[in-house]
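Asks: Quick one: structure below, then a few questions.
The values are calculated or read from the model by the stated rules, or taken from the named source; none is laboratory data. Since this is a predicted model, take the numbers as computed values, not measurements. Cβ placement follows ideal geometry from the backbone for every residue including glycine, while neighbour counts extend to all protein chains displayed. Quick note on the areas: whole protein, heavy atoms, side chains included, nothing else; ligands and nucleic acids left out. Shrake-Rupley method; radii C 1.70, N 1.55, O 1.52, S 1.80 Å.
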Amino acid sequence: MRKFAGKAEFQVTWLPYQLAPYAPGGKGVNKLELYKQKFGDAQTQQMMPRMMLVGMQDGIHFSYGGNTGNTFDSHRLIALASKQGKQDELVEELFQNYFEQEKCISDCDVLLQAALKVGLIAAEELLNGDANVEEVQAEIQQCEMIATRGVPQFVINGRPIAPGAQDVAEFERRFLELLA
């Protein structure tokens, strides 16, 4: 549990959503090229400097090299981490892998290394089998039903707020509204 201004407790839950479900798994495809296909060259070129600037303010050093692919297995691993109380740790590790270290989080080796780093139990067995596939597919469908069209998408008490990265002030405003 996390606290807000000493007035309320809240829980963060990372839900699955695939930006590119059609992307290949394994070693993936060039990240920058996939962004250009999805958003167009102009929007990608506009988006990158803004993200880098915003990221630097929070100590995130975005890098747009490397590959990306189908993230379904990373979501399966995150679901396992949730059951072991290590969801935040794994998500942070995967974010660093993907956004800063140019690692492909559809690559099974990358996923296993992340799982080992945070101490997940049975990660290799999960990734080599089909455990929790239906559960994660159902969660993805549920996320799509609550208007998720991109990431990040924040949902507070079942209601989505504006998509995309949000300032801390926006969360404070929303929490204060709920407390009123």
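Asks: Are there GluC sites (Glu not before Pro) in the stretch 83-180 that DSSP puts in a loop and that have at most 15 other Cβ atoms within 10 Å, and which ones?
Replies: Within the stretch 83-180, the qualifying GluC sites (Glu not before Pro) (loop, at most 15 other Cβ atoms within 10 Å) are E102.
Asks: Treating only the Cα positions of the stretch 1-90 as identical point scatterers, give the base-10 log of I(q)/I(0) from the Debye formula at each q in 0.25 Å⁻¹.
Replies: Listed by q, the Debye log ratios stand at -1.20.
Asks: At 10 °C and a viscosity of 1.306 mPa s, what translational diffusion coefficient does Stokes-Einstein give for the chain, taking Rh as the Kirkwood radius over Cα pairs? Give it in µm²/s as a whole number.
Replies: 90 µm²/s
Asks: Under the 0.36 nm per residue contour assumption, what length would be gained going from the current alpha-carbon distance of K3 and N132 to full extension?
Replies: Using 0.36 nm per residue and subtracting the Cα-Cα distance, I get 43.4 nm.
Asks: What net charge do the residues around W14 carry, taking every other residue with its C-beta under 13 Å from that of W14, with Lys and Arg at +1 and Asp and Glu at -1? Could the numbers behind the result be given before it?
Replies: Working: positive: R76, K83, K86; negative: D88, E89, E92, E93, E139.
Around W14, the surrounding residues sum to -2.
Asks: With each pseudo-label sitting 7 Å past Cα toward Cβ, what's the D109-R159 distance in nm, one decimal?
Replies: Taking the simple label geometry, D109 and R159 are separated by 4.8 nm.
Asks: How large a share of the accessible area of the chain, in percent, is made up of carbon and sulfur atoms when the probe is 1.4 Å and the other protein chains stay in place? Don't jump to the answer; show the numbers that get you there.
Replies: Values: 5870 of 11000 Å².
The computed percentage sits at 53.
Asks: Kindly report the accessible area of the chain per residue (heavy atoms of protein chains, probe 1.4 Å, no ligands, DNA or RNA), in Å². Don't jump to the answer; show the numbers that get you there.
Replies: Working: 11000 Å² over 180 residues.
Per-residue value: 61 Å².
Asks: I've got another one for you. Assuming 0.36 nm per residue, please report the length gained on full extension of the stretch F95 to D167 beyond their Cα-Cα distance.
Replies: Extra length from F95 to D167 when fully extended: 24.1 nm.
Asks: Distance from a point 7 Å along Cα→Cβ of I146 to each backbone N in the stretch 65-103: keep the residues under 18 Å and list them by number.
Replies: Within reach of a label on I146: 75-76, 78-80, 82-83, 87-88.
Asks: Right, something else. How large is the helix-only mean residue ellipticity at 222 nm for the chain, computed as the sum of -39500 (n - 2.57) over DSSP H runs with n ≥ 4, divided by its residue count, in deg cm²/dmol to the nearest 500?
Replies: Numbers: 8 runs with 89 residues, N = 180.
Mean residue ellipticity, 222 nm, calculated: -15000 deg cm²/dmol.
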